[in-house]
Amino acid sequence: MANLVRTGIVIAALCFTASCRNSDVSRAAPEDTRPAATISTQNANDTRVAKEVFGHIPVASNQRSESFGGYARGCQAGAEQLAETGPTWQAMRLSRNRNWGQPTLVDYVQDLSRFAATLPDWEGLYVGDMSQPRGGPMLSGHASHQIGLDVDIWMLQPDRLDLSRTERENLSSISMRRERGAYTNSSWTEQHMQLLRAAASDDRVARIFVFPGAKVAMCNWETGDRSWLNKIRPWWGHHYHFHVRLSCPAGQSDCENQAPPPAGDGCADAQTWVNNILNPPPPPPASSTPSTPRGPATMARLPSQCLTVAASQ
Ligand SMILES: [Zn+2]
């Protein structure tokens, strides 16, 4: 594992970095903005700021497990907490209290961590943000991760799973990119590709976000079945972690899936993205109609079920 340097105590926390903020907040919109499934008049006048409501609830709701709304506008009922430490994983940044998700997500993370532990030099997974106990918008980072079906997996391969709370606050993941994401760097290994292939080959997964250079690297690496590459979506940021998004569990009619990725392996598109990083096209002319600035989402903008989720004991 040449050049894999453990950065130790570094302040640049995952998802507090500028690139992560770009990827997960401002740039998340094109993949994420679909109207909430159900906007009823029940909460039409609820002007409470949704992230202030959901960002301070410490435990899951005592309800049947269900996702309401879309990845970037919704909430979750009956979430499960991923154990802080398991045989093949550790949840990181415990102070954020974001190791919560729908049961299918908790199962998925554990399954993937068992696979990761079979890779040379990997003890399992370091698991980054999932969702808040009741999902919803967050006080910092991430536009999505709202319905208990998203998880960030660290690119840093775990060589021990006995990190203390403090170590889990201070240890940083490592970046896998060079040339602004056009290429992978020397920390990127075959094991990363095997892990992402396993992650994407799971039927529960809708898409996985990773930086463009990594997608092209995997396009060039795969010599067999290429179908899994369809779910690997090049995106801004996502070089300290990759982001797995599960499909809505079967039978949940108030959970909104995204449209599936376009057919095919997506490799030509990823290559175009890389080419544009290396030789940026001229910026489009500035729009003459400035977009109206919008304040933070209020409870009225969430599916009405989220009112019940927030209020449930
Ligand atoms: Zn994420």
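The values are calculated or read from the model by the stated rules, or taken from the named source; none is laboratory data. Worth saying up front: this structure is predicted, and the values here are computed from it rather than measured. FYI the Cβ positions are ideal-geometry reconstructions off the backbone, even for glycines, and counts take in every protein chain you see.
Residue 122 passes every criterion in (1) closer than 20 Å to residue 190 by Cα; (2) surrounded by fewer than 18 Cβ atoms within 10 Å (Cβ to Cβ) apart from (2). Among the residues examined, residue 68 qualifies as aromatic (Phe, Trp, Tyr) and touching a Ser or Thr at 6+ places or on another chain (Cβ under 9 Å). Could you tell me whether any residue of the stretch 241-252 is over 30 Å from residue 134 (Cα atoms) and either without any contact (Cβ under 8 Å) to a residue 12 or more places away in the chain or not in a strand (DSSP E or B) (or both)? No: zero hits. Kindly indicate whether any position in the stretch 99-109 is under 30 Å from residue 304 (Cβ atoms), more than 16 Å from the ligand (Cβ to nearest atom) and in contact with a Cys (Cβ under 6 Å, 6 or more places away or on another chain). For the stretch 99-109, residues under 30 Å from residue 304 (Cβ atoms), more than 16 Å from the ligand (Cβ to nearest atom) and in contact with a Cys (Cβ under 6 Å, 6 or more places away or on another chain): absent.
Results for (1) more than 11 Å from the ligand (Cβ to nearest atom); (2) under 18 Å from the mean Cα position of the chain (by Cα), shown as yes or no for each residue.
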residue: 126; (1), (2): yes, yes
residue: 132; (1), (2): yes, yes
residue: 141; (1), (2): no, yes
residue: 145; (1), (2): no, yes
residue: 152; (1), (2): no, yes
residue: 156; (1), (2): yes, yes
residue: 159; (1), (2): yes, no
residue: 162; (1), (2): yes, no
residue: 170; (1), (2): yes, no
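Scanning the stretch 194-212 turns up at least one residue that is among the basic types (Lys, Arg), within 16 Å of the ligand (Cβ to nearest atom) and modelled with pLDDT of 95 or more. Does residue 218 meet the test of being touching a strand residue (DSSP E or B) at 6+ places or on another chain (Cβ under 9 Å), at pLDDT 95 or above and closer than 22 Å to residue 148 by Cα? In short, no. Among the candidates 213, 237, 224, the residue that is farther than 21 Å from residue 144 by Cβ and not in a helix (DSSP H, G or I) is uniquely 224. Within the stretch 253-274, the set of residues being closer than 28 Å to residue 106 by Cα and not in a loop (DSSP other than H, G, I, E, B) comprises just one member, 255. Of all residues in the stretch 275-313, those satisfying the criterion of being of a type in the set (Gly, Ala, Ser) and buried (at least 17 other Cβ atoms within 10 Å of the Cβ) are 297, 300, 304, 310.
The set of residues in the stretch 213-266 that are buried (at least 16 other Cβ atoms within 10 Å of the Cβ), of a type in the set (Ser, Thr, Tyr) and away from the ligand (no atom under 12 Å from the Cβ) contains only 247. Picking from residues in the stretch 136-160 that are of a type outside the set (D, E, K, R) and assigned to a strand (DSSP E or B), the one that is farthest from residue 187 (Cα to Cα) is 151. Of all the listed residues (77, 72, 117), the sole one being of a type in the set (A, V, I, L, M) and free of Cβ contacts under 8 Å to residues at least 40 places away in the same chain is 117. Can you confirm whether residue 166 is more than 16 Å from the ligand (Cβ to nearest atom), over 24 Å from residue 211 (Cα atoms) and in contact (Cβ under 8 Å) with a residue 40 or more places away in the chain? Answer is no for this residue.
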